[in-house]
1. Would you kindly state how much longer the chain becomes between residue 111 and residue 59 on full extension, computed as 0.36 nm times their sequence separation minus their alpha carbon distance, in nm to one decimal?
2. With a 1.4 Å probe and all protein chains left in place, how much of the accessible area of the chain comes from carbon and sulfur atoms, in whole percent?
3. Tell me the accessible surface of residue 84 in square angstrom (1.4 angstrom probe, heavy atoms of protein chains only), to the nearest ten.
4. Could you rank the peptides 52-63, 24-35, 96-107 by their average count of other C-beta atoms within 10 Å per residue, with the highest value first?
5. At 1.4 Å probe radius, can you tell me the per residue accessible area of segment 1-70 in Å²?
6. Taking only the alpha-carbon atoms of the chain, what semi-axes of the equivalent ellipsoid follow from 5 times the gyration tensor eigenvalues under a square root, in whole Å, largest first?
Amino acid sequence: MATVAGLFVSPARGSGVSTALERARAVAGHGFEGCAHANPPRREVLFASTDHLDAVGVEPGAIRENVTVAGADVQSWPVGQRLRAGEAVFEITMVCDPCHKMDELREGLRSELDGRRGMLARVVESGDVAVGDELELL
């Protein structure tokens, strides 16, 4: 069973700071309330797997993901896959390739994250998402 292990928003672009939340509001056509990294329509929310973060030795939230997922490999979700987390529904839009900012966290991290940074999604139905919520593939 896949669950929401962490929720994060970045209050300012380029700050490199992610704020951990227990509950977040996903807004259709925007992303999470209070997140400056949302870039609609395809890059509203970033899902990343805890297993991938553990494998490269980074803490949840460090790679600026919005939703850290336990119990599933998000890279296996195809583009177009819809999923429910809490009250919200998301649709996977694209693979999130690691950018140069990953090497600012740690030299070589960009290449370590190749193929496992996560999947980007858009919010299809607004709603609250909380840490511990089950993720359901639709």
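The values are calculated or read from the model by the stated rules, or taken from the named source; none is laboratory data. The structure displayed is predicted, hence computed values, not measured ones. Backbone-built Cβ (ideal geometry, glycine too); neighbour counts: all protein chains shown. Accessible surface is based on the protein model in full, side chains and every heavy atom, while ligands, DNA and RNA are left aside. Shrake-Rupley method; radii C 1.70, N 1.55, O 1.52, S 1.80 Å.
1. Details: separation 52, 0.36 × 52 = 18.72 nm, distance 1.71 nm.
Extra length available between residue 111 and residue 59 comes to 17.0 nm.
2. 47
3. About 80 Å², ignoring ligands and nucleic acids.
4. Ranked by mean Cβ neighbours within 10 Å, highest first: 24-35, 52-63, 96-107.
5. Working: 3100 Å² over 70 residues.
Heavy-atom accessible area per residue stands at 44 Å².
6. 21, 16, 14
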